[in-house]
1. Could you pull out the trypsin sites (Lys or Arg not before Pro) across the stretch 44-126 that fall in loop regions by DSSP (anything but H, G, I, E, B) with no more than 10 other Cβ atoms inside 10 Å?
2. Name the chymotrypsin sites (Phe, Trp or Tyr not before Pro) in the stretch 1-105 that are in a loop by DSSP and that have at most 14 other C-beta atoms within 10 Å, would you?
3. To test your reading of the geometry: what angle, between 0 and 90 degrees and rounded to tens, separates the Cα axis of helix 90-99 from the longest principal axis of the chain?
4. Going by a ≥ b ≥ c, the root eigenvalues of the Cα gyration tensor, does the stretch 70-126 fall in the rounded group (a/c under 1.5), the prolate group (a/b larger than b/c) or the oblate group?
5. Please compute P(r) over all alpha-carbon pairs of the chain, binned at 10 Å starting from zero, and give each bin as a whole-number percent.
6. Round to a whole number: what % of the accessible area of the chain belongs to carbon and sulfur, probe 1.4 Å?
7. Just from its helices, what would the mean residue ellipticity at 222 nm be for the chain, if runs of 4 or more DSSP H residues each count -39500 (n - 2.57) and the sum is divided by every residue, rounded to the nearest 500 deg cm²/dmol?
8. According to a simple spin-label model (label point 7 Å from Cα along Cα-to-Cβ), what is the distance in nm between Lys11 and Arg77?
Amino acid sequence: MAKSAKRKVRKNVVKAIVHIKATFNNTLITVTDLDGDTICSSSTGCIGFKGARKSTPFAAQQAAQRCASSAKRNGVREVEIRVKGPGPGRESAISALQQAGLRIASIEDVTPLPHNGCRPPKRRRV
């Protein structure tokens, strides 16, 4: 009995949301439709960067270019960008999306900020 392979369905989405999560060690880019279903995703580690090179703006730019080309194949023309985190790949990922030919409708920072929630860990004494 042969297993049937699940075929990737091409979605035809005109407007999408790009989520950029820029940490100090990596940059993750996910393109979703307006309902939140993932169209494509990429990260600096997926492209082949390892270690300290993953956290560079150039690596984030490469990941954004790959994600943008994949999104354009699915019919995306206009994007809203939501950036989360303090990493070095924030601005370079946004500029790479713009250079790839996607029209940017809005850029929003969704970094979670505590309203004096959890107590921080004790200070390190070296």
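The values are calculated or read from the model by the stated rules, or taken from the named source; none is laboratory data. Bear in mind that the values here come from a model prediction, so they are computed numbers and not experimental data. Cβ: placed from backbone, ideal geometry, glycine included. Neighbour counts: every protein chain shown. When the accessible area is computed, the model is the full protein with side chains, heavy atoms only, and any ligands, DNA or RNA have been set aside. Shrake-Rupley method; radii C 1.70, N 1.55, O 1.52, S 1.80 Å.
1. Sites meeting the loop and neighbour criteria: Lys50, Lys122, Arg123, Arg124, Arg125.
2. When the chymotrypsin sites (Phe, Trp or Tyr not before Pro) of the stretch 1-105 are filtered for loop state and at most 14 Cβ neighbours within 10 Å, Phe24 remain.
3. 20 degrees
4. Prolate.
5. 13, 39, 27, 14, 6, 1, 0
6. Whole-percent figure for carbon plus sulfur exposure: 51.
7. Rounded to the nearest 500, the figure is -7500 deg cm²/dmol.
8. 1.8 nm
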